Structure formats: structure tokens, C-alpha cells
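Beneath this line is the structure, given in C-alpha cells, with notes to follow.
The values are calculated or read from the model by the stated rules, or taken from the named source; none is laboratory data. Bear in mind the structure is a predicted one, so any value in this text is a computation, not a measurement. Positions of Cβ are backbone-derived with ideal geometry, glycine not excepted, and every protein chain shown enters the neighbour counts. Surface areas here come from the heavy atoms of the whole protein model, side chains and all, with no ligands, DNA or RNA. Shrake-Rupley method; radii C 1.70, N 1.55, O 1.52, S 1.80 Å.
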Amino acid sequence: MESVLQQKVIDATHCVEKQLDAELEKLDNLDIGDFEKLRENRLKQLKTLQQQKQNWLSLGHGEYSEVYDEKEFFEVSKKSENIVCLFYKDDSPRCKIADHHLKILARKHVEAKFCKLNVHRCPFLTERLKIKIIPTIALILNSKTTDYIVGFTDLGNRDDFSTETLEYRISLSGVIKMDDNVYLENKKTPWLSHVSKPKTIRAANSLNSDDSDID
């Protein structure tokens, strides 16, 4: 058994070496013109990303803001494709916890618009999205509501979850992108590993009783 394992390690090492040799050979075969093309393409990509970032910032991305009514929410939805919106109540302690983490993530992930909305000021929208449990975070991808984080069930059902835990959960919807290292680290968490990428909008009224309802 030991010899078999050693042989597998040797074979895997040889495979990696061949891949590295192939990549090095490609670099060796590049001429000055090829390097210039690579550099030019890279600069174009960086310029495009910078322009996109400026556009996001002009739309209020990078800040965690209050949406005061349904009209304003629909205006935000027209301008920003990806939105993370907390539906909250003033007297909910867990909403304040979510607030804390979303403020941090808003500054980090300018690719999405982070906002919050008081359910008592927006009864039509709250009813339309079937939001029954507070807090609920609606995740909007490419202008379509694709997922909800209802209460703290997907966050370990505890109040002391980390910002990275919420970041990981939001990233499963595709609304934000996160660093690979942080993603892999959170994926190891037992209860988070069972949270799969959403395929359909989940009903928001089937959650545990640890969170408060709207009424």
C-alpha cells in the first residue's frame, strides 16, 4: 500500500512538472510583439474595470443607504443590476446586527448596491416579495430577485456570525464576488457547506421563530 501511494505521489508530481514545462515553453516562444499585445490587452481590461467602478460609485455603490419608499426602490432597481437590500424594522435587534455587517460589505463590494428598506413604509413591495420574517435580505441579480437570506438561519442561526460568513452567503447568489481564500475558508464551515446556490426564489415565510414577523 505504501509503495502504491508513493507511486501516485510521483505520478502527480510528474504531471505538475509537465504542466509547468508547457507554460514555460509558451513564455519562451513569445516574442516582443506578443508581450506588447498582452500588455495592451491587460491595460484595456484595467481601464474597463476602472470605468465600471466609477460608474458604480456614481450610482451610490460603495455606500450602505436607506431607501425611503417603494418609488425610490424601483428607481434604484432600474439603475443597478445587482442589489443587496435589507428589509428591516426599527425595533428588531437582529436588523441592527445585519446593519453592522452590510455597512462593511458595502464599502468592500462596489459591484453591488447595498441598501435597506423599512417594511412599514413599503407594504406593497413587502407583500409582493412575500416577506414575512424580519430581517430578510433580498438578493437581486441582473435586475431579478433570485434569492433571500431570511433571518439568520443560513448564518448559523446565531447573532455572533462574522462579516465573512454573511459575505460568503451573499456570494452564493452571484450578486457579489469574494476572494477565493475567504470563499474556501467559509466553505469548510459545517452548516454553511450545506447551503447551496439558489435555483429559485425561496419563500420567505417558512423560517424559524427566532426572528420576528412583520406584525
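General remarks:
- Counting charges near Gly62 (Lys, Arg +1; Asp, Glu -1) among other residues having Cβ under 12 Å from its Cβ returns a value of +3.
- Area accessible to solvent at Thr145, 1.4 Å probe radius, in Å²: 30
- Taking a Cβ cut-off of under 12 Å around Ser77, the surrounding Lys, Arg, Asp and Glu residues balance to a net charge of +1, with basic ones at +1 and acidic ones at -1.
- Cβ-based net charge around His100, under 14 Å, with every Lys or Arg adding one and every Asp or Glu removing one: +1
- Nearest-10 value in Å² for the accessible area of Arg94, using the 1.4 Å probe: 30
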